[in-house]
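Shown next, in structure tokens, is the structure this report addresses.
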Amino acid sequence: MELAIMIEGQNGLNWPRWQRIVTAVEELGFAGLYRSDHFTNARPPDKDSLELWVSLTWLADHTRRIRFGPLVTPFSFRHPALTARMAAAVDDLSGGRLTLGVGAGWQEREHDLFGFELLPPHERFERFEEGVRVLRQLLRVNQPVSFIGQYYRLKEAQVLPAPQRGAHLPILIGGNGRKRTLPLAARYADEWNAIFLTPSAFCELNRYLDELIFQAGRQPAEVERSMMTGLVFGKDSAALEEKMQTYGGGGWKTEDLRARGMIVGTADEVLSQINALREAGVQRLMLQWLDLDDLNGLEALASSVLAKL
């Protein structure tokens, strides 16, 4: 299993913090670094929120090893043609290390503040599916693309210079929804990213995704399986207790968080939970690192957990 770090960029991310985190993840040996794409946080007061694609461009040019990408970039902010152009350029700049996570959008507050149309859920997913189809064609068809849909229209559009990886630039679709998300992942995704699941719940959804993939005329091996989940980690019991007191206002118990699919504990406990997810079929695990200034904790995680995987 690959172990990566995921951060919430809307919760105070700025250039100094981003540069420190990128450098640490690269040097400590984690497989990748992924971040959310939000204009601001869900509840006031507003915090720093470094623009996603500008930050990924810096990462692409200042690292040599780690995989990276958005979890996820929504079409409610950006036309899929713009997303395709940026993704192709950033992936080429990095030497082919981008995983392009895309989504429909969900956070109402940022859409209201910045004037983006979120749409009701049904229409939102209709727009998302159209956007994925446009994105795939622009990245994978080495000729001008024409497309007429309800939300997007292209007339002999082409991404130039042509993406170096083309069809091999992986598109990730994340979420646990059986009705819309998993069927879309089965048809269009190169990677499915689950969110906050216990090993047993992941197994169940993973099997269901396999069925949907067969129905779509594809093979299960064509879709990688990853998961993003929360992490409360302490290098010893005292440090863990301190983290538990600050997480969510200190009102949660360890067993409650684990039941919600989070990984909680000291190094050995975290290793045990990670291994259970690996046995359940998770190929890449993105651990949500909420304290953007806790680089010492990140180093402790690398030395006591990552080194033993």
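Just so you know, all these numbers are worked out from the coordinates, no wet-lab data involved. Computed from a predicted structure; not experimentally measured. Quick reminder, even Gly has a Cβ in these numbers, built from the backbone with ideal geometry, and neighbours come from all protein chains shown.
Cα-based Rg (one decimal) and Dmax (whole number) for region 1-63, in Å?
In Å, with Rg to one decimal and Dmax whole: 11.9, 37.
Expressed as cubic angstrom per residue, what is the convex hull volume of the alpha carbon set of region 33-191?
Expressed per residue, the convex hull around the Cα atoms of region 33-191 is 114 Å³.
Over the alpha-carbon set of region 111-240, divide Rg by the Kirkwood Rh and report the Rg/Rh ratio to two decimals.
Rg/Rh for region 111-240 comes to 1.06.
If you take the C-alpha gyration tensor of region 215-264, multiply each eigenvalue by 5 and take the square root, what semi-axes do you get, largest first, in whole Å?
Values for region 215-264, descending: 35, 12, 7 Å.
Over the alpha-carbon set of region 170-309, work out the extent along each principal axis and list the three values in angstrom, largest first.
Sorted from largest, the Cα extents of region 170-309 read 51, 31, 25 Å.
At 4 °C and 1.567 mPa s, grab the translational diffusion coefficient of region 160-226 from Stokes-Einstein with a Kirkwood Rh over Cα pairs, rounded to a whole number in µm² per second.
Taking Rh from Cα pairs, D becomes 105 µm²/s.
Could you give the alpha-carbon Rg of the chain over 2.2 N^0.38 Å, rounded to two decimals?
Cα-based Rg divided by the globular estimate yields 0.98.
Charges only on Cβ, +1 for Lys and Arg, -1 for Asp and Glu: so what's the dipole of region 1-152 about the Cα centre, in debye to the nearest 20?
The calculation lands at about 360 debye.
Per 0.36 nm of contour for each residue apart, how much would the distance between residue 256 and residue 147 grow if the chain were fully extended, relative to their Cα-Cα spacing?
Length gained, residue 256 through residue 147: 34.5 nm.
Counting helices only, and only those DSSP H runs with n ≥ 4, report the 222 nm mean residue ellipticity of the chain as the sum of -39,500 (n - 2.57) divided by its residues, in deg cm²/dmol to the nearest 500.
Value at 222 nm, helices only, nearest 500: -13500 deg cm²/dmol.
Which order do the peptides 282-290, 8-16, 107-115 come out in when sorted by mean C-beta neighbours inside 10 angstrom, highest first?
282-290, 8-16, 107-115
Check the chain and count each lysine pair with an alpha-carbon distance under 27 angstrom, considering only pairs eight or more places apart or from different chains.
Pairs that pass both the separation and distance tests number 7.
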